[in-house]
Amino acid sequence: MSTTSHLILGIETSCDETAAAVYQTGFGVRSSLLFTQIELHRPYGGVMPEVASRSHIEKIHLIVEQALSNASTTLAEIDAIAVATGPGLPGSLLVGSCFAKALAYESKKPLIAVNHIEAHVFSPLIENTTVPFPHLCLTASGGHTALFYVEDFGKYSRIGTTLDDSAGEAFDKVAKLIGLSYPGGPLIEQLARQEHFKDSLHYPRLKKKSLNFSFSGLKTAVLYDLIERGAFDLKTKTFLATDDPTLIRMVASSFLVCVGDIFVDRIAHALTLFPDCKAITFAGGVSCNRYLNDRIAQIAHNHRISFFSPAKHYCTDNAAMVAFVGSFKMQQGCFSPLSVDIKPQGD
Ligand code: KG4
Ligand code: ZN
């Protein structure tokens with residue numbers, strides 16, 4: 001890739017974070033800012049689309065202004081505006097893309113539509129542009145879970161995906177079953193650590209060589225195990241063992257270990273099919289998880305290849321990853337017309 005220095009403004013509003021960032025080619029992230037709506041959605045136990053888009057409308061202007069100011073720049077100095085146009089919640093995506101289009105039109109700057117998943121796939125490279133190609137990338141978040149064979153900047157193919165729930169969704173749903181609040185991933189990790197990552201309940205694993213994932217069966221296995229123990233009432237959908245911290249820790253720990261086994265199994269299989277991979281990367285909100293990072297780093301070590309995961313603030317949704325993809329799309333001349341539409345289901 002050429003090293004011409006460009007300033008890219010990135011905007012990300014695909015779900016429940018209103019985010020803006022400025023990335024400079026050849027320098028790195030100049031600013032990255034976000035307003036997280038977690039507190040607004042917590043009472044509902046998940047993201048409420050209507051609440052999300054209203055909050056994006058309230059915050060987007062402020063966040064973009066602040067990102068420019070934190071980068072000590074102005075819109076006039078920006079070379080292109082990159083925006084995540086999907087996949088994501090339609091109402092949320094519309095706010096970011098309409099705002100970006102209006103800015104691009106008014107300032108006569110080129111617009112770059114960025115696929116949100118592509119942004120996650122390349123997020124491990126934001127702070128480490130020397131991650132070798134080709135590599136294998138597992139991205140796992142609240143909206144998706146997939147394996148990619150990544151050949152170059154912007155050149156990648158999806159080689160496996162989830163057939164039902166995403167891994168993050170499974171974390172959030174299992175957390176809800178055992179009475180934990182949203183988002184469940186970080187809480188499950190905390191409880192599993194207290195249990196020293198013991199697999200005492202041993203939920204069933206899919207014993208099939210595959211690159212695809214399935215998490216809804218795992219969630220159902222947790223549910224039926226809880227019902228059998230008299231710890232869950234299916235009629236009222238209530239967790240009954242709130243006074244049994246040991247059981248809560250055992251479920252959290254066994255679930256996390258099971259997810260770890262599933263990830264390791266799929267990655268190991270992918271490495272047999274794509275033996276030229278020089279590294280493994282792990283991205284998306286679920287990649288904040290230290291235990292899962294360690295498990296995946298171990299496979300990389302066993303295969304004598306390297307392992308990379310983004311800094312925590314680039315694992316969950318953020319605009320730096322959108323600006324970063326924008327920077328290499330700009331070098332490649334991949335611009336979008338102002339008529340570009342949102343793609344809630346992705347490409
Ligand atoms: O990438 P992200 O911020 O948003 C989407 O694109 O969906 O991912 C959010 C997901 C949530 O499901 C959350 O529970 C999960 O990432 N997550 C975690 C951890 N931190 C966040 N899952 C497991 N362990 C964590 N430490
Ligand atoms: Zn995401």
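Laboratory data are not the source of any read-out in this text; all were calculated from the coordinates shown. Everything quoted here is computed from the prediction, not taken from an experiment. For neighbour counting, all protein chains shown are included, and Cβ atoms are generated from backbone atoms with ideal geometry for every residue, glycine included.
Okay, here's what the table says:
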quantity: Test set (1) under 30 Å from Gly326 (Cα atoms); (2) surrounded by fewer than 17 Cβ atoms within 10 Å (Cβ to Cβ); (3) in contact (Cβ under 8 Å) with a residue 24 or more places away in the chain - Lys209 fails condition number; calculated: (1)
quantity: Leading residue by the ranking (surrounded by the fewest Cβ atoms within 10 Å (Cβ to Cβ)) among those in region 177-202 that are charged (D, E, K, R) and over 15 Å from Ala221 (Cβ atoms); calculated: Lys198
quantity: Long-range neighbours under 6 Å by Cβ, at least six apart or interchain, first residue more than 18 Å from Gly45 (Cβ to Cβ) within region 185-198, second within 16 Å of ligand 2 (Cβ to nearest atom); calculated: Glu189/Asn289
quantity: Which listed residue is within 16 Å of ligand 2 (Cβ to nearest atom) and without any contact (Cβ under 8 Å) to a residue 40 or more places away in the chain, from Phe122, Phe148; calculated: Phe148
quantity: Residue that is nearest to ligand 2 (Cβ to nearest atom) [pool: residues in region 156-176 that are of a type in the set (A, V, I, L, M) and surrounded by 22 or more Cβ atoms within 10 Å (Cβ to Cβ)]; calculated: Ala167
quantity: Enumeration of residues in region 172-224 that are of a type in the set (S, T, N, Q), more than 13 Å from ligand 1 (Cβ to nearest atom) and outside any loop (DSSP other than H, G, I, E, B); calculated: Gln194, Ser216, Thr220
quantity: Hits in region 115-139 - residues which are away from ligand 1 (no atom under 13 Å from the Cβ) and not in a helix (DSSP H, G or I); calculated: Ile126, Glu127, Asn128, Thr129, Thr130, Val131, Pro132, Phe133, Pro134, His135, Leu136, Cys137
quantity: Residue that is buried (at least 16 other Cβ atoms within 10 Å of the Cβ), of a type outside the set (Gly, Ala, Ser) and touching a residue at least 24 places away in the same chain (Cβ under 8 Å), where the choices are Asp317, Asp276, Asp341; calculated: Asp317
quantity: Selection status of Val286, touching a residue at least 60 places away in the same chain (Cβ under 8 Å), of a type outside the set (D, E, K, R), outside any loop (DSSP other than H, G, I, E, B) and within 12 Å of ligand 1 (Cβ to nearest atom); calculated: yes
